[in-house]
Amino acid sequence: MVVTDEVMFAGAACGLVLTDARGMILRINGTFCDWLGYEAGALEGTKRFQELLTVGARIFHQTHWLPLMQLQHSVAEIKLDFQHREGRKVPMLVNARTLVLADGQICHSISASVATDRDRYERELVKARASAEELLLERTQLQAEADQRSLFAEQLIGIVSHDLRNPLTAIRMGTEMLVLDDVDPKRLRLSERINQSVDRALLLVEDLLDFTLTKTGREMAMNRHDVDFHHVIATGVDELRLAFRGIAIEHRSEGEAAVSADAERLVRVLGNLVANAARYGDNRAGITVRSVIDGETARLTVENSGEPIPESLMPSLFQAMTRGSTHHGGGVGLGLYIVSVIASGHGGTTLVASDSVSGTRVGIEFPIQPATAVDTSKQPDDEIQCASSKESQ
């Protein structure tokens, strides 16, 4: 079977057009005509290629197509919208190149394929992008509003907490003065309970103030200097025994070395850990406090018996507003968060282990001396040169 060039041209799978340099249609195949609803005789020699385009596509043809054909004599994969005879739009992907015929006439050979699916896909992409941008804008606005509300709440907590310290201190001083010369056991016990409640409230106020400090972008100050680590913890334990009279608190120490730490912050860690153990542990078994110096590391842990910490709670245990089972009452979930902040301020980390056999152990560990870095930029030039020469030797 012999297939002539004419048959191949007329029945090609793509639209084929041959125009002169001004765009006048010289030849057009049946495929192109079928797509646009024309007969070849109605187009050849009577219409220019650009007359088949929509208004927008004609502008593009004038401003982009023609300059490209003049400069590089070809265009590739340009999407143009054609006007169907019935008025609807037909998107096509067009390629073209310049031909010089035997008689020297310049012509444009054009091929086109319908891009209806591609056009629909591109429009869906544009629509999806616009929708995504709208959602992003909405989310950004909601996040900004949430941040503003959060900042307001944190500032409010800070203000209220600060203002609570004065009346609480006044209550404590007042109860002490009321029983200064009193020997009545009932009134003394009542005064002691009031003072214990005030101490817990003051500890909560300190936690709230530190929480506000960290959540507003500031760091908790650490006044580190060499301290007697075991003595600091032992003193803190003695004070806690007065606050938790019904619980046996034992202190065990191990190791000796100079420790650089903020003593007040360590006592704060100890208080929060013991309060947490007293709230959630089995107080009949008592609480064990361990201060350990192991090589270059200092470790403070508080151990208690009772129900182990649920596995689901472990990852968020040291996050703010995280609490154990609510039936124990008390606390707002800031104690262990403050512990983690103080540990981080000492260049350390938190520790936690809990099971039904060994009980629960929570604490911190940190280097006994802060890391130091040598700043060579501040060394005199002759010292740097001397060091360099020694290295080369």
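The values are calculated or read from the model by the stated rules, or taken from the named source; none is laboratory data. Bear in mind that the values here come from a model prediction, so they are computed numbers and not experimental data. Here the Cβ is made from the backbone with ideal geometry for all residues, glycine too, and neighbour counts use every protein chain on show.
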Q) Among Lys89, Lys79, which is in the same structural domain as Gly11 (by TED's automatic domain parsing), at pLDDT below 95, surrounded by 12 or more Cβ atoms within 10 Å (Cβ to Cβ) and out of contact with any Ser or Thr (no Cβ under 9 Å at 6 or more places or on another chain)? A) Lys79
**Q.** Filter result (surrounded by 15 or more Cβ atoms within 10 Å (Cβ to Cβ) and among the acidic types (Asp, Glu)) within segment 347-371
**A.** Glu365
Q) When you go through Ser291, Ser253 one by one, which is the residue that is small (Gly, Ala, Ser) and in contact with an Asp or Glu (Cβ under 8 Å, 6 or more places away or on another chain)? A) Ser291
**Q.** Lone unmet requirement of (1) within 21 Å of Gln62 (Cα to Cα); (2) part of a helix (DSSP H, G or I) for Phe32
**A.** (1)
**Q.** Which listed residue is without any contact (Cβ under 8 Å) to a residue 12 or more places away in the chain and either in a helix (DSSP H, G or I) or touching an Asp or Glu at 6+ places or on another chain (Cβ under 9 Å) (or both), from Glu192, Glu206, Glu176
**A.** Glu192
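Here is a yes/no grid of residues against (1) more than 49 Å from the chain's Cα centre (by Cα); (2) over 27 Å from Gly11 (Cα atoms); (3) in a helix (DSSP H, G or I); (4) not aliphatic (A, V, I, L, M):
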| residue | (1), (2), (3), (4) |
| --- | --- |
| His61 | no, no, yes, yes |
| Ala76 | no, no, no, no |
| Glu86 | yes, no, no, yes |
| Val94 | no, no, no, no |
| Glu124 | no, yes, yes, yes |
| Arg129 | no, yes, yes, yes |
| Glu133 | no, yes, yes, yes |
| Arg139 | no, yes, yes, yes |
